[in-house]
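Colleague: One structure, pasted below without further comment.
Nothing in this text is a laboratory measurement; each read-out follows from the coordinates by a stated rule. Everything numeric in this text was worked out from a predicted model, so none of it was measured. Virtual Cβ from ideal backbone geometry, glycine too; neighbours counted across all protein chains shown.
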Ligand code: CA
């Protein structure tokens, strides 16, 4: 009897050491399996029976315990079906449908529960986060590292933006997620030596195209309770989670996480498909987070298009007369806002800003005011400075903005992902909400679920954006490849993106006659107004465009929506071309750009349009009405550095 029982126990032990805990997506195609081998927690991800993420390690290291070894699964958790629908007007799709299966798997160390893994699998995404439990009498801990790894196939190609060395770049403001995405580079590198910023896109090519895999890694739910993480490269396709670098923010704050226990980490997300469609259409970033406070007013009423003079006119354009002229221009276009960029405090002054706010209000144009985030962590000279980093001054300033009727703020130059700065983002957002202000961040980290977590958050830059078109002809020359045909697959899939583009000037200069020259076409500018998503778009248009740009382009820019109900990926390849569709109300916008050396000719299937119905086609520098074919297709041609838009 005794002997049987001992054997039975041994068998149970063996089972708990080797058998995996499996969660399968509702459609059965995506599978995540968690197991423990030799005390080390692992997971793997399969899609249609193919390995997407090979066995990779899990766990975290804290100053209370090392939860990466000597671990056992004590409870596999009950499988739960998670179903919900929520509305979100700021992202790629109006309805966020969550349809997933979830388990909370408990791990023990020395027979004591120390960590749980919340694992969720939907038809497109695998997501998990760790819960750390009070241990050894400690009700708080310092998380010093994560053992979370991602092993992708060694023939995978990467589309990833390198993380910067801290305190480099303009006025020592890096890292600010402003580096170029790689164009199908092999695995095995580590960026510039500092890893990569999220999101990270992989293609695992296959001779049988139906078996190719596209994998997107990112994270969501990051707030002042954690650090912003990066992806560190390794040999043979093994990547792992990295914490911030010591030098970030001029050394302010540690690289680790201070956490009360029990406490949660942010969610790690893995989106998988045979084409980029699941990645472009995924809403996992927002499925996993909740609003952190109530909106103090209806911000959605003020989403829409706007202008900013700085992208064409630079610092000297931030004067009273020019801003007034841009308010008139915004009003003529029917736009909702004007972004007044750096140096307004000295070049216009607070009293006259109040006058501009009043002048704009009478014309239906609200102001966004620019601020430098900084205290001690960068050398950027642009003012106003040292306000947004200090609670006392920030609250006073925001009260003043509320009194003069300002719509929102744009805060620039953050430079790091350590926990105190993640808390600073949250504090700025929450104080701004108290005064009914919307918030745009520039020179900043990737927003990780923030559209939903913070009701007054609008968008972040966190990408190599339009300013570089002004600064560099080289950037203009590769604009279609590095921006238009890249960001809809990468940066913009996980968060709204403040790019500040869609220029109709030939030159990035107020006289439209010198400086860096735009090589993309006017239809490209229209297409990116659809492809690049943010609920508030400050376009790079200039007052002269009312007379020197084609009337059809101006009319399009007057009408194009900034909020969308639905997204559908159609075709493309990162860095080469993209064609996708967005719906606003009952109107579909199909937009595409081409960065290849040859024109792109395609007969695209558009099942959203009735056969033989009429659509408006913007193509090759003109606009015309064409008929959808009997098979619900439309033939398009996109020139090199050009675009196409179809509207019905
Ligand atoms: Ca920037």
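Colleague: Based on the Cβ-Cβ distance from residue 316 to residue 573, what FRET efficiency comes out when R0 is 51 Å, to the nearest 0.05?
Modeller: The formula returns an efficiency of 0.80 here.
Colleague: Please arrange 111, 48, 417 by how many other C-beta atoms lie within 10 Å of their C-beta, fewest to most.
Modeller: By the 10 Å Cβ count, ascending: 111, 48, 417.
Colleague: Related question: Could you order the peptides 579-586, 457-464 from most to least packed, using the average number of other C-beta atoms within 10 Å per residue?
Modeller: 457-464, 579-586
Colleague: With N set to the number of residues, divide the alpha-carbon radius of gyration of segment 62-200 by 2.2 N^0.38 Å and report two decimals.
Modeller: 1.36
Colleague: Let me test this: with uniform point scatterers at the alpha carbons of segment 333-480, what is the Debye-based log₁₀ I(q)/I(0) at q = 0.09, 0.16 1/Å?
Modeller: So the normalised log intensities work out to -0.29, -0.91.
Colleague: Simple spin-label model, 7 Å along Cα-to-Cβ: residue 517 to residue 24 in nm?
Modeller: 6.0
Colleague: Another one. Quick one: check the C-alpha center-to-center distance for segment 373-398 versus segment 538-552, whole angstrom.
Modeller: 34
Colleague: Still on this model: Sketch the reach of a paramagnetic label on residue 597 as a point 7 Å from Cα along Cα-to-Cβ, and name the residues of segment 463-502 whose backbone nitrogen lies under 16 Å away.
Modeller: Answer for segment 463-502: 478, 481.
Colleague: Additional query: Rg to Rh for segment 177-218: what is it, with Cα atoms only and Rh by Kirkwood?
Modeller: Taking Rh as the inverse mean 1/r over Cα pairs, Rg/Rh reads 1.02.
Colleague: Can you tell me the relative contact order of the chain? Whole percent, Cα pairs under 8 Å, sequence separation 6 or more.
Modeller: So the answer I get is 11 percent.
Colleague: Mind computing the radius of gyration and Dmax over the alpha-carbon atoms of the chain? Å is fine for both.
Modeller: 25.2, 95
Colleague: Let me ask something additional. Would any residue of segment 619-648 have its amide N under 19 Å from a label point 7 Å out along Cα→Cβ of residue 610? List them or say none.
Modeller: Flagged as within label range: 625-634, 647-648.
Colleague: A further question follows. What spacing in nm lies between the two simple spin-label points modelled at residue 206 and residue 84, each 7 Å away from Cα in the Cβ direction?
Modeller: A separation of 3.3 nm, rounded to one decimal place.
Colleague: Within segment 182-294, what percent of beta bridges assigned by DSSP are antiparallel, to the nearest 5?
Modeller: 95
Colleague: Hey, another quick one. Below 8 Å between Cα atoms, with a sequence gap of 6+, how large is the relative contact order for segment 177-335 in percent?
Modeller: Computed value for segment 177-335: 20 percent relative contact order.
Colleague: Each label point is 7 Å from the Cα along the Cα-to-Cβ direction; what then is the distance between the points at residue 139 and residue 172, in nm?
Modeller: Roughly 4.0 nm, to one decimal.
Colleague: Find how many whole Å separate the alpha carbon centroid of segment 220-244 from the alpha carbon centroid of segment 597-648.
Modeller: So the separation of the two Cα centres works out to 41 Å.
Colleague: So how tilted is helix 419-434 from the main axis of the chain? Cα-based, degrees 0 to 90, rounded to 10.
Modeller: Computed tilt is about 50 degrees.
Colleague: Label segment 68-114 by shape, choosing from rounded, prolate and oblate, from the square roots a ≥ b ≥ c of the eigenvalues of the Cα gyration tensor; if a/c is under 1.5 it is rounded, and otherwise prolate applies when a/b is larger than b/c, oblate when it is not.
Modeller: Because a/c hits 1.5 or more and a/b exceeds b/c, segment 68-114 counts as prolate.
Colleague: How high is the relative contact order of segment 469-580, in percent, with contacts defined as C-alpha pairs under 8 Å that are six or more residues apart?
Modeller: RCO, segment 469-580: 32 percent.
Colleague: Report the gain in length on full extension from residue 180 to residue 586: 0.36 nm times residue separation, minus Cα-Cα distance, nm rounded to one decimal.
Modeller: Additional length available on full extension: 142.6 nm.
Colleague: Could you sort 193-204, 259-270, 354-365 so that the peptide with the highest average Cβ count within 10 Å comes first and the rest follow in order?
Modeller: Highest to lowest by the protection proxy: 193-204, 259-270, 354-365.
Colleague: Using 0.36 nm per residue, how much length does the chain from residue 400 to residue 110 gain when fully extended, once their Cα-Cα distance is taken away?
Modeller: 98.7 nm
Colleague: What is the distance in Å between the Cα centroid of segment 66-125 and that of segment 308-365?
Modeller: Between the Cα centres of segment 66-125 and segment 308-365 lies a distance of 47 Å.
Colleague: Taking only Cα atoms, what is the 0 to 90° angle, nearest 10, from helix 350-362's long axis to the longest principal axis of the chain?
Modeller: So the inclination is approximately 80 degrees.
Colleague: Hey, another quick one. Relative to the longest principal axis of the chain, what angle (0 to 90°, nearest 10) does the C-alpha long axis of helix 391-404 take?
Modeller: So the inclination is approximately 40 degrees.
Colleague: Want the number for residue 390 to residue 50: 0.36 nm per residue separation, take away the alpha-carbon distance, what's left?
Modeller: Answer, rounded to one decimal: 117.3 nm.
Colleague: Across bins of 10 angstrom width beginning at 0, how are the C-alpha pair distances of segment 299-344 distributed, in whole percent?
Modeller: In whole percents, the pair-distance histogram is 30, 51, 18, 0.
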